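> Below you will find the structure I want to go over with you.
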Amino acid sequence: MLDRRHVLAMLGTTALATLAPTALFAAASIKPDDASALLVIDVQNCFLPGGSLAVKEGEQVVPVINRIAKAFSNVVMTQDWHTPGHVSFASVHSGKKPFETIDLPYGKQVLWPDHCVQGTDGAALSKDLSVPHAELIIRKGFHKDVDSYSAFLEADGKTSTGLAGYLKGRKIKRVFVAGLATDFCVAWTALDARKAGFEVYVVEDACRGIDTQGSLAKAWTDMAKAGVKRIQSGDIAASA
Ligand code: VGL
Ligand code: ZN
């Protein structure tokens, strides 16, 4: 049956859809709840312009993170926190240059410029971060002979940072990952979060990548396979 009322309703819908597609279809659809946590990965001076391992456009994640963090009642930050002479530094392997790889007892390791040495300005969080309610800072990569891209597990694949236990103790079920760099610390954190049983979202425009030897494309493929959801900051509703 198609009476006048139905026809008018249909016309109304069509007109609205034509006039206001953004409002109708692109509304922020994800509302973080008390079982959600934002993980802000390695927004440290070394990874920002002028830093020793500066990530292209790295500074652009800061305002996005400051904005979305307001929607979260739980925010955890991480700091890459290496010893001087850390095994991941090219400078300690004779004849090796940054971005080359070597085989270590726990597997393949990309070698980096010296970065994020404990207690240095380079290792400090960006002064432009404005997330006063962040409740925990996890430091990682502090064992001299083992790297740790992931905020959950060191690169030996077995030494825990304690983060999964913390989040579970706080009854967190969902984690949203943002920061630097998409293809290393963000991706490894997201993958380990899935392994630890969390629902995982990576906020793409709140991250930037290093992209060496195809690492960025591989990271997104690995994350998709693992069930990590790729979202944009605009998908997150403005307040908790
Ligand atoms: C990172 C390379 C070396 C990162 C840390 O934060 O993604 N990348 N150390
Ligand atoms: Zn590092």
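The values are calculated or read from the model by the stated rules, or taken from the named source; none is laboratory data. Just so it is clear, the model here is predicted, and its values are computed rather than measured. We place every Cβ from the backbone using ideal geometry, glycine too, and count neighbours over all the protein chains shown. These area figures cover heavy atoms from the full protein model, side chains too; ligands, DNA and RNA do not enter into them. Shrake-Rupley method; radii C 1.70, N 1.55, O 1.52, S 1.80 Å.
A quick yes/no check of all residues on (1) surrounded by fewer than 18 Cβ atoms within 10 Å (Cβ to Cβ); (2) within 30 Å of D156 (Cα to Cα); (3) out of contact with any helix residue (DSSP H, G or I) (no Cβ under 6 Å at 6 or more places or on another chain); (4) among the hydroxyl-bearing types (S, T, Y):
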{"position": "T78", "(1), (2), (3), (4)": "no, yes, yes, yes"}
{"position": "P84", "(1), (2), (3), (4)": "yes, yes, yes, no"}
{"position": "K96", "(1), (2), (3), (4)": "yes, yes, no, no"}
{"position": "P105", "(1), (2), (3), (4)": "yes, yes, yes, no"}
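> Oh, and also: Please find, among S29, S52, the residue that is over 17 Å from T189 (Cβ atoms), within 11 Å of ligand 1 (Cβ to nearest atom) and among the small types (G, A, S).
S52
> Is it the case that the stretch 61-79 has a residue that's part of a strand (DSSP E or B) and more than 16 Å from ligand 2 (Cβ to nearest atom)?
yes
> Looking at H86, H82, can you tell me which residue is in contact with a Ser or Thr (Cβ under 8 Å, 6 or more places away or on another chain) and at pLDDT 95 or above?
After ruling out the rest, the residue left standing is H82.
> Is it the case that some residue within the stretch 43-57 is away from ligand 2 (no atom under 16 Å from the Cβ), within 16 Å of T182 (Cα to Cα), touching a Leu at 6+ places or on another chain (Cβ under 7 Å) and open to solvent by 10 Å² or more (accessible area, probe 1.4 Å)?
no
> Give just the number: which of (1) modelled with pLDDT of 95 or more; (2) open to solvent by 70 Å² or more (accessible area, probe 1.4 Å); (3) within 23 Å of Q60 (Cβ to Cβ) does R194 not satisfy?
Only one criterion is unmet by R194, namely (3).
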